[in-house]
Amino acid sequence: MTTVFSSVKQKISNLEATRITGRVHSVVGLTLTVAGLQRAAGLGQRCRVHGLHGPVTGEIVGTSAEGLHLLPFGTWDGITVGDTVELIQTEDGIRPDDSWIGTVIDALGRPLSPAPGFRRGARRARGRNSPPPAYERRRVGAKLETRIKCVDLFTPLCRGQRMGVFAGSGVGKSTLMAMLARNTNADVIVIGLVGERGREVQDFIAEDLGPEGMARSVVVVATGDEAPLLRRQAAWTATAVAEHFRSQGKQVLLMMDSVTRFAMAQREIGLSSGEPPTTRGYPPTVFSELPHLLERAGPGRPGEGDITGIYTVLVDGDDMNEPVADAVRGILDGHIVLDRRIAEQDRYPAINVQKSISRMLPDCHSPEEYAIMQAARRALARYADMEELIRVGAYRAGSDPETDAAATFFRSANAFLAQSRTETLAADQSFAELYRMLLEAGIEVALPAQAAAQPPAPRGSGGRPRATTGGYRA
């Protein structure tokens, strides 16, 4: 009996898998139409087109009376009418593994950097996954210390929070991301470079991220010259890798640069599949795909870890209300706005405090920290209202004590908030310094009664910063 079963098993293993094929009907631009597969395949499935220069993989993005419409993971060079199109019947996806940490991979999960120990995991992770059900998720966790002064003071970040970084080109998004990657306490960092310039990938990894940051990172890269399917897939792959580590109970920092290029890739896909252009040429699927992607980050289920998401948004023409920026701002839990005018004054990170907000406030700050932050925000807002008059000499010093105090505070705070990419400062030290500058400018800070009456004794120069702050003194 054993011999019979062994023989049957051998014959079954030698059987060839059923091949379901069709024929190329037409190729127009990026869209290839295939006939003969309408009853066997659906949207999202992949096919292999056998052309003159070898097989090309494509994904089904639409259907019509003529057949199925495919877009390539590359180009259709060498493909002509009548070529064979084979349906790929294996489930698409990647297989993340702990060995991926410290490596650079492409949108399909293949290593790009030397990775001797690289291996694929046992479980397949789908690139296009569903977010956890809302009622099964835990709440956002404790505050994360980034050691970036402006972020810790005015736009604090918590475990499981999703924060957007909004800026035009060349204002310092990548540098701020690298500072967050090096300084933020996380078990694993997953970085998705979507539509990045090919020249800048090595610069970001070697200079901005550095060996220390790379040692705990997985970098997913799809450069701007790659097909729109690959650029979209890179965002999905980075999120799937982050979900893999979250399911292991780890704290994950997911950084994506940029969501705008993901939206542009989806626009190319949508228009090629026949969708009508709507707002500024973006088809409707762009605005349905954005929440589906961004909602996958955040706290996990009980027993799992968290994905803290940092998403950059490349605003078109420095317009913070353009469609993609407006849609993303409504989905995320806060936004940091990088201002070109501040960057031109050579103050980096060029964070506009008045336009940036964290939706975790006020609960993530202690009462003392929140009081200091409020006083500083009011003083900076007061100076912003009068800045033009002060600069042209239309305001005379001494006319308004509040404006004089705000101007004094601005000069010291503006210099203090400047920070090089290698500089760090503990959060409680940042608050203590901000409090000192407020008092020196003559600005009253309404600290809680207990903290104001019993401030802590000053620490020695060798003291270690505490994780929480009880009170402040000049």
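The values are calculated or read from the model by the stated rules, or taken from the named source; none is laboratory data. Just so we're clear, the structure is a prediction, and the values are computed from it rather than from any experiment. Because the Cβ atoms are built from the backbone with ideal geometry, glycine has one as well, and the counts that use them run over all protein chains shown. The accessibility values were calculated without ligands, DNA or RNA, using every heavy atom of the protein model including side chains. Shrake-Rupley method; radii C 1.70, N 1.55, O 1.52, S 1.80 Å.
Please find, within segment 122-138, the residue that is farthest from the chain's Cα centre (by Cα) out of those that are open to solvent by less than 30 Å² (accessible area, probe 1.4 Å) and within 20 Å of Gly192 (Cα to Cα). That would be Ala125. Check whether at least one residue in segment 442-450 is assigned to a helix (DSSP H, G or I), surrounded by 16 or more Cβ atoms within 10 Å (Cβ to Cβ), in contact with a helix residue (DSSP H, G or I) (Cβ under 6 Å, 6 or more places away or on another chain) and modelled with pLDDT under 95, and report yes or no. No - not one qualifying residue is present in segment 442-450.
A search for C-beta distances below 7 Å between a residue of segment 418-439 that is touching a residue at least 40 places away in the same chain (Cβ under 8 Å) and any residue that is of a type in the set (Lys, Arg) and outside any helix (DSSP H, G or I), counting only pairs 6+ apart in sequence or on different chains, returns Ala418/Arg347; Thr424/Arg147; Leu425/Arg147; Ala426/Arg147; Asp428/Arg466. One residue is enough: does segment 400-423 have a residue meeting the conditions modelled with pLDDT under 95 and on the phi > 0 side of the Ramachandran plot? The answer is no, given that none of the residues of segment 400-423 is modelled with pLDDT under 95 and on the phi > 0 side of the Ramachandran plot.
For segment 423-433, which positions are in a loop (DSSP other than H, G, I, E, B) and either open to solvent by less than 20 Å² (accessible area, probe 1.4 Å) or within 16 Å of Leu157 (Cβ to Cβ) (or both)? Write out each step before concluding.
The initial filter retains those residues of segment 423-433 that are in a loop (DSSP other than H, G, I, E, B), namely 423-426.
Passing the criteria: Thr424, Leu425, Ala426.
Among the residues here, Gly29 does not qualify as surrounded by fewer than 17 Cβ atoms within 10 Å (Cβ to Cβ) and within 30 Å of the chain's Cα centre (by Cα). Considering segment 287-298, and only residues there that are in contact with a helix residue (DSSP H, G or I) (Cβ under 9 Å, 6 or more places away or on another chain) and open to solvent by 10 Å² or more (accessible area, probe 1.4 Å), the residue that is nearest to Gln161 (Cα to Cα) turns out to be Glu295.
This table checks each residue for (1) modelled with pLDDT of 95 or more; (2) among the aliphatic types (A, V, I, L, M); (3) open to solvent by 40 Å² or more (accessible area, probe 1.4 Å); (4) at negative phi.
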site: Pro211; (1), (2), (3), (4): no, no, yes, yes
site: Val220; (1), (2), (3), (4): yes, yes, no, yes
site: Thr223; (1), (2), (3), (4): no, no, no, yes
site: Thr239; (1), (2), (3), (4): yes, no, no, yes
site: Arg246; (1), (2), (3), (4): yes, no, no, yes
site: Leu254; (1), (2), (3), (4): yes, yes, no, yes
site: Glu268; (1), (2), (3), (4): no, no, yes, yes
site: Gly281; (1), (2), (3), (4): no, no, no, no
site: Pro284; (1), (2), (3), (4): no, no, yes, yes
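When segment 360-373 is filtered for residues that are in contact (Cβ under 8 Å) with a residue 40 or more places away in the chain and open to solvent by 70 Å² or more (accessible area, probe 1.4 Å), only Pro367 remains. Scanning segment 32-49 for residues that are in a strand (DSSP E or B) and either at pLDDT below 90 or open to solvent by 20 Å² or more (accessible area, probe 1.4 Å) (or both) yields Ala35, Arg46, Arg48. Scanning segment 228-240 for residues that are in a helix (DSSP H, G or I) and either more than 27 Å from Val61 (Cβ to Cβ) or hydroxyl-bearing (Ser, Thr, Tyr) (or both) turns up at least one hit. Of these, Val252, Val220, Val259, which one is under 23 Å from Ala125 (Cα atoms) and in contact with a Ser or Thr (Cβ under 6 Å, 6 or more places away or on another chain)? Of the residues listed, the single one that is under 23 Å from Ala125 (Cα atoms) and in contact with a Ser or Thr (Cβ under 6 Å, 6 or more places away or on another chain) is Val220.
Just to be sure, is Ala122 assigned to a loop (DSSP other than H, G, I, E, B), touching a Ser or Thr at 6+ places or on another chain (Cβ under 6 Å) and modelled with pLDDT under 90?
On the way: assigned to a loop (DSSP other than H, G, I, E, B): yes; touching a Ser or Thr at 6+ places or on another chain (Cβ under 6 Å): no; modelled with pLDDT under 90: yes.
Criteria not met by Ala122.
Scanning segment 50-82 for residues that are under 29 Å from the mean Cα position of the chain (by Cα), in a loop (DSSP other than H, G, I, E, B) and not hydrophobic (A, V, I, L, M, F, W, C) gives Gly74, Thr75.
Candidates are the residues of segment 153-172 that are touching a Phe, Trp or Tyr at 6+ places or on another chain (Cβ under 9 Å) and open to solvent by 10 Å² or more (accessible area, probe 1.4 Å); the one that is nearest to Pro211 (Cα to Cα) is Gly172.
Each residue in segment 385-422 was checked for being surrounded by fewer than 16 Cβ atoms within 10 Å (Cβ to Cβ) and within 15 Å of Ala350 (Cβ to Cβ), and 3 of them qualify.
Evaluating Ala379 against the criteria (1) within 18 Å of Pro156 (Cα to Cα); (2) surrounded by 14 or more Cβ atoms within 10 Å (Cβ to Cβ) leaves one unmet condition, (1). Kindly evaluate Arg147 against the criterion of being exposed (fewer than 14 other Cβ atoms within 10 Å of the Cβ), outside any helix (DSSP H, G or I) and charged (D, E, K, R). No, not satisfied.
Cβ-Cβ contacts under 7 Å between residues 6 or more apart (or on different chains), taken from a first residue in segment 375-398 that is over 21 Å from Ala432 (Cα atoms) to a second residue that is part of a loop (DSSP other than H, G, I, E, B) and among the hydrophobic types (A, V, I, L, M, F, W, C), are absent.
Which of the residues spanning segment 308-355 are assigned to a strand (DSSP E or B), within 14 Å of Thr260 (Cα to Cα) and either touching an Asp or Glu at 6+ places or on another chain (Cβ under 6 Å) or open to solvent by less than 30 Å² (accessible area, probe 1.4 Å) (or both)? Steps first, answer last, please.
The first filter runs over segment 308-355 and keeps only residues assigned to a strand (DSSP E or B), leaving 308-314, 334-338, 351.
Remaining after also requiring within 14 Å of Thr260 (Cα to Cα): 310-314.
Those that are assigned to a strand (DSSP E or B), within 14 Å of Thr260 (Cα to Cα) and either touching an Asp or Glu at 6+ places or on another chain (Cβ under 6 Å) or open to solvent by less than 30 Å² (accessible area, probe 1.4 Å) (or both): Ile310, Tyr311, Thr312, Val313.
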